[in-house]
Amino acid sequence: MRHKKFSACAMAAVAALTLSACSSGDDDSSGSEGGETLTVGIKFDQPGLGLQKGSEYSGFDVDVAYYVADKLGYSEDQVEFVQSVTAQRETMLENGQVDMVVATYTMNEAREEQIDFAGPYLVAGQGLLVKEDDDSITGPDSLDGKNLCSVSGAVPAQRIKDEYSTGVQLYEASTYSECVELLGNGTIDAVTTDDSILAGYADAPEYEGKFKLVGEAFSEEPYGIGLPNGSDQCEPANDALNEMIEDGSWDKFLEENLGDAYTPDPATNPPEVGGSCS
């Protein structure tokens, strides 16, 4: 659509029409307000959760996003996915770059001061990923002197330093896929984030036999759908998530995307949807 509008403006310029004919006020570009597209921020590099390959998107978060979009009145071809890295999620919602974020987005009080959340739609837990042949790391309290990677804008690595292993050396990357590559080449000793994310990497074909999860999950990470503060889509999204759980779609999406690689804690899953709509 945007390419067609550009061509129209170029023709108008050649014909010496006024520039106002192509002003922003004349632009009815796609967006949720026009009912044409729903722009959703997801991760592009998390196997089993949010993964881009060419023009195709797959993962549990992707299926959740499509399901909720459908209940909000959008078909799959009206959903536009954009990359939403951890450190930019609130900013993208506040600036109107996306209509919602479905990107392993933990609901917490600090974030709820800036945005709204529908959910949770999954409760994960913090875990550790190490090389398959590394038996020196068994949990968060065995990381003194080790190099630990997480991403900018996330809290898992600092939690380990504050609560478990004060002597751990923290390394911040921009994405978890970068952390995993650093783990593979020996630059760092472990990666920490949600066990669901780590399980996806460990199970990915390109990493088969290279990595393993160690220890038990040591936090609760309720994943929510991030929405702009005051969004009128928040309560309908909560309703959609409840329906997704009740009609069996939640189990189906989990099995299709993570299968035997990940079993969420049955004490907290399927989760009780409540959200924090303002």
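In table form, for the structure just shown:
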| item | result |
| --- | --- |
| Gain in span if fully extended, THR91 to VAL155, counting 0.36 nm per residue against the direct Cα distance | 21.3 nm |
| Separation of the GLU178 and LYS210 label points, Cα + 7 Å toward Cβ, nm | 1.7 nm |
| Order by protection proxy (mean Cβ within 10 Å, highest first), peptides 71-80, 179-188 | 179-188, 71-80 |
| Inter-centroid distance (Cα atoms) of segment 132-206 relative to segment 49-104, Å | 26 Å |
| For the chain, calculated [θ]222 nm from helices alone, where every DSSP H run of n ≥ 4 adds -39500 (n - 2.57) | -8500 deg cm²/dmol |
| For segment 126-214: relative contact order, % (alpha-carbon pairs under 8 angstrom, 6 or more apart) | 42 percent |
| Percent of beta bridges antiparallel (DSSP, the chain, rounded to nearest 5) | 60 percent |
| Cα-projected label distance for ASP239 with SER58, points at 7 Å along beta-carbon direction, nm | 3.3 nm |
| Pairwise FRET efficiency - GLU80 versus TYR164, Cβ, R0 = 51 Å, nearest 0.05 | 0.80 |
| Among 127-134, 247-254, 57-64, the order from most to least packed when residues are scored by Cβ within 10 Å on average | 57-64, 127-134, 247-254 |
| Point-to-point label distance, GLU255-GLU132, nm (Cα→Cβ direction, 7 Å offset) | 2.8 nm |
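Read-outs: derived from the displayed coordinates by stated rules, not from any lab. Bear in mind that the values here come from a model prediction, so they are computed numbers and not experimental data. Because the Cβ atoms are built from the backbone with ideal geometry, glycine has one as well, and the counts that use them run over all protein chains shown.
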